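Enquirer: This is the structure, below, for whatever I ask next.
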Amino acid sequence: MKICAGCCFAAVLAVLASGCPSGSISAFLMGADELEIYNSQGNDGSARIYPQAYWGEWLRIDNGDKWYVSRSSVTAGGAEKTNVMLDAALSDYILKATEGSTDYYLSASRRAGASFTGTAAGLENMGGASSPRYLHYVNTKNSEDKGDAEISPEGAFTIASAIPGDTYALTIVDDSHTAHVTPYADGEDIGTITYVTGNVNFKTTITPDSSDQDMNELYAGEENDFYLLVENTGTEPCSAVLYEVTSSDVSVTSLAADNMLAIAPGQTGAVAVRIRVTCAADAIQQDSGFKKINITLTAGTETWHDSVSLKFHKKYANFNIVSEKDVCGALITPAGRTYRFETTQKTIQAPWRESQGEYYLVFFGIKDEDTKYSFAVDGTPGPLTEAAAAARSVSVSGSVLTRDAPPTVSSLSKGDIDCYSIKITGGYQVGDTGPAGGLVFYVDTAGFPSGAETPFHYLEAAPSDLSAVWGADEAVETDTALGTGQANTDAITASSAPAGAAAKVCDQLVNSMDDWFLPSRDELNLLYTNLKSKSKGGFSNVEYWSSSQSTESQSWAIDFKTGIAGTGSKDKAKSFRPIRGF
């Protein structure tokens, strides 16, 4: 929708008719009192006070610069901006920033509002200290982000409204040891903060093993490498620390050369332990879930039991975007994670989340001329035609767009902002279990030709391989394209191919459903690309038949070891995998 001054919003951003003033944005999801505080001057008449809900990192949509907001300052690229007003919000996750006479739009990247939990251990060693106990926390990047969290009699504590990705220094009140943790996801358990009577103490955290790894994009079924950072929070060095890493939730393997560390006081990075973690594909039943890794450290006669947690997502959604000319914008997930783009063609893979919340997809015009754009969720964007853009193919009733909605086509001018609210409901993704118990390997919610009365939206592969010859040496009318496998199978079934030929076996197969067929060459290639190359589906490193003929005596096959297509004699037995469309 195009956002304009005076538009009114309820729980979600509605899709509005066009005609609003270009680039005009007002405040919607904030009350008047909040705005007054948001713009207020400090006691000295110059300092601005920004509420905690907007502390954290933001991305400037038009160029990707990172801005950081604290209680009394805004910085960009490490330099403080002294004359910036954050005086309007498009939503909780999009701000308008005014610097002099220039307006910018900021999209939330890491903002306050996440909470994390943990456990304090060894409190019985603190003698007669007062009860209840408290844990003092302070953000090492933003010293105004601080406070005290009460520790329950059982040792549990919760720190609310933290900024994910920022590092916090934690100190049990009346203790001299300070531990550092970096929570990445809302609801994360950061493990155990231990009080000890000696001068050696430890805390373990986890971090990516590469700079391009996003700790908020971990998916079940995929292999991930991390570093465990062991910090000596005490005052004396420890030359021999034994460690053990275990988990009942995930597969975890230590990639370190040995299991002994030497740790100086305050040291962390030099004692990183590299581990490999895999969360089973079926271990996440909802949208996402936390999995725990346990760490046991032993130094002399002392033992520390700690843990770290990782949030794994069940799967991802593909947000496919095309435009005539460059546009920029941002996809904001229900968890507040921002993916910025500036391109004419982009696919953004973001964690799939159906149970709650909406995604916000924002487009910002950066060219002098109008440009048409289109997008679809887990589907193919629509044609960039004048008629499609005029129709906008979007309801103006105020409902959110769903994942199964048709492609959206629209246009915008320089300075225009279009914002869509998208809720993922229903449908299938690549890798999902299909209606017949196989794996979905192709998705096009717009639909594609199938030869049937209604177009297919999905292709599903049977759970296991079969083997047979292709057929007789005769000319059969077939095609190689996506959507022709069913027609190819029908043509082969009507030919003189033997009863045990691959296509005829598919045609007669009953495996929960009875509408299986032999894939065309291009459909078979999708099987390789979307499943086999990702080690999914139980395929072998052998050649697989397609239903596409090459000559009277040869037909197309694909080597699933290399993904290379070639032809083979029709009278030779090869593996094949039945598929179905729906």
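The values are calculated or read from the model by the stated rules, or taken from the named source; none is laboratory data. On a predicted model such as this, the values are computed, not experimentally measured, just so you know. Neighbour counts are summed over all protein chains in view; Cβ atoms, including those assigned to glycine, are modelled from backbone coordinates with ideal geometry. Just the protein is used for accessible areas: all its heavy atoms, side chains included, with ligands, DNA and RNA removed. Shrake-Rupley method; radii C 1.70, N 1.55, O 1.52, S 1.80 Å.
Enquirer: Is there any pair with a first residue in region 510-533 that is within 12 Å of Ala557 (Cα to Cα) and touching a residue at least 40 places away in the same chain (Cβ under 8 Å) and a second that is of a type in the set (S, T, N, Q) and open to solvent by 10 Å² or more (accessible area, probe 1.4 Å) whose Cβ atoms are under 6 Å apart and which are 6 or more apart or on different chains, and what are they?
Expert: Close Cβ pairs (under 6 Å, with a partner that is of a type in the set (S, T, N, Q) and open to solvent by 10 Å² or more (accessible area, probe 1.4 Å)) amount to Ser520/Thr480; Ser520/Thr484; Arg521/Thr480; Asp522/Thr480.
Enquirer: Residues in region 214-250 that are at pLDDT 85 or above and open to solvent by 70 Å² or more (accessible area, probe 1.4 Å): how many?
Expert: Here the count works out to 6.
Enquirer: Same structure, new question: For region 150-168, state whether one or more residues are open to solvent by 30 Å² or more (accessible area, probe 1.4 Å), in contact (Cβ under 8 Å) with a residue 40 or more places away in the chain, in contact with a helix residue (DSSP H, G or I) (Cβ under 8 Å, 6 or more places away or on another chain) and not small (Gly, Ala, Ser).
Expert: no
So that you can scan it fast, the table gives a plain yes or no per residue for (1) surrounded by 20 or more Cβ atoms within 10 Å (Cβ to Cβ); (2) in contact (Cβ under 8 Å) with a residue 40 or more places away in the chain; (3) assigned to a loop (DSSP other than H, G, I, E, B):
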position	(1), (2), (3)
Thr344	no, no, no
Phe364	yes, yes, no
Lys367	no, yes, yes
Lys372	yes, yes, no
Phe375	yes, yes, no
Thr380	no, yes, yes
Pro383	no, no, yes
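Enquirer: Right, another one. Restrict the check to region 482-494 and report whether at least one residue is more than 22 Å from Pro435 (Cα to Cα), in contact with a Lys or Arg (Cβ under 8 Å, 6 or more places away or on another chain) and in a loop (DSSP other than H, G, I, E, B).
Expert: Within region 482-494, not a single residue is more than 22 Å from Pro435 (Cα to Cα), in contact with a Lys or Arg (Cβ under 8 Å, 6 or more places away or on another chain) and in a loop (DSSP other than H, G, I, E, B).
Enquirer: Quick check: is even one residue across region 527-547 more than 19 Å from Phe456 (Cα to Cα), part of a strand (DSSP E or B) and hydroxyl-bearing (Ser, Thr, Tyr)?
Expert: yes
Enquirer: Within region 450-478, can you find the residues that are touching a residue at least 40 places away in the same chain (Cβ under 8 Å), exposed (fewer than 15 other Cβ atoms within 10 Å of the Cβ) and under 33 Å from the mean Cα position of the chain (by Cα)?
Expert: Result: Ser464, single match.
Enquirer: Every residue in region 566-580 that is surrounded by fewer than 23 Cβ atoms within 10 Å (Cβ to Cβ), assigned to a strand (DSSP E or B) and in contact with an Asp or Glu (Cβ under 8 Å, 6 or more places away or on another chain), please.
Expert: Gly566, Gly568, Lys574, Ser575
Enquirer: Continuing with the same structure: For region 170-188, give me each residue that is buried (at least 16 other Cβ atoms within 10 Å of the Cβ) and closer than 23 Å to Asn125 by Cβ.
Expert: Leu170, Thr171, Ile172, Asp175, His177, Thr178, Ala179, His180, Val181
Enquirer: Among the strands (runs of 3 or more DSSP E) contained in region 196-314, which hold 2 or more residues that are within 24 Å of the chain's Cα centre (by Cα) and under 21 Å from Ala335 (Cα atoms)? Steps first, please.
Expert: Working: elements: 202-208, 223-232, 238-246, 251-254, 260-263, 272-278, 288-299, 302-313.
Qualifying strands (runs of 3 or more DSSP E): 202-208, 288-299, 302-313.
Enquirer: Considering only region 332-342, how many residues are part of a strand (DSSP E or B), open to solvent by 10 Å² or more (accessible area, probe 1.4 Å) and in contact (Cβ under 8 Å) with a residue 60 or more places away in the chain?
Expert: Step one: filter region 332-342 for residues part of a strand (DSSP E or B), giving 332, 338-342.
Now restrict to residues that are open to solvent by 10 Å² or more (accessible area, probe 1.4 Å): 339-340, 342.
Still in the running and in contact (Cβ under 8 Å) with a residue 60 or more places away in the chain: 340, 342.
Within region 332-342, residues that are part of a strand (DSSP E or B), open to solvent by 10 Å² or more (accessible area, probe 1.4 Å) and in contact (Cβ under 8 Å) with a residue 60 or more places away in the chain number 2.
Enquirer: Could you please tell me which pairs satisfy a Cβ distance under 8 Å, a separation of 6+ or placement on different chains, a first residue in region 316-331 that is free of Cβ contacts under 8 Å to residues at least 60 places away in the same chain and within 9 Å of Thr343 (Cα to Cα), and a second residue that is part of a strand (DSSP E or B) and open to solvent by 40 Å² or more (accessible area, probe 1.4 Å)?
Expert: Between residues of region 316-331 that are free of Cβ contacts under 8 Å to residues at least 60 places away in the same chain and within 9 Å of Thr343 (Cα to Cα) and residues that are part of a strand (DSSP E or B) and open to solvent by 40 Å² or more (accessible area, probe 1.4 Å), the close pairs are Lys325/Thr344; Asp326/Glu342; Asp326/Thr344.
Enquirer: So the check is Cβ under 7 Å with 6+ separation or different chains; which pairs have a first residue in region 479-506 that's closer than 19 Å to Tyr458 by Cα and a second one that's among the β-branched types (Val, Ile, Thr) and in a helix (DSSP H, G or I)?
Expert: Filtered contacts from region 479-506: Cys506/Thr489.
Enquirer: Can you tell which of Ser143, Ser131 is open to solvent by 40 Å² or more (accessible area, probe 1.4 Å) and modelled with pLDDT of 90 or more?
Expert: Ser143
Enquirer: Another question about this same structure. Given the criterion aliphatic (A, V, I, L, M) and not in a strand (DSSP E or B), identify the matching residue among Ala120, Ala53, Ala97, Ala108.
Expert: Answer to the check: Ala53.
Enquirer: Another question, then. Within the bounds of region 508-520, is there any residue that is open to solvent by less than 40 Å² (accessible area, probe 1.4 Å), more than 23 Å from Ala281 (Cβ to Cβ), outside any loop (DSSP other than H, G, I, E, B) and touching a Pro at 6+ places or on another chain (Cβ under 6 Å)?
Expert: Looking for residues that are open to solvent by less than 40 Å² (accessible area, probe 1.4 Å), more than 23 Å from Ala281 (Cβ to Cβ), outside any loop (DSSP other than H, G, I, E, B) and touching a Pro at 6+ places or on another chain (Cβ under 6 Å), one finds none in region 508-520, hence no.
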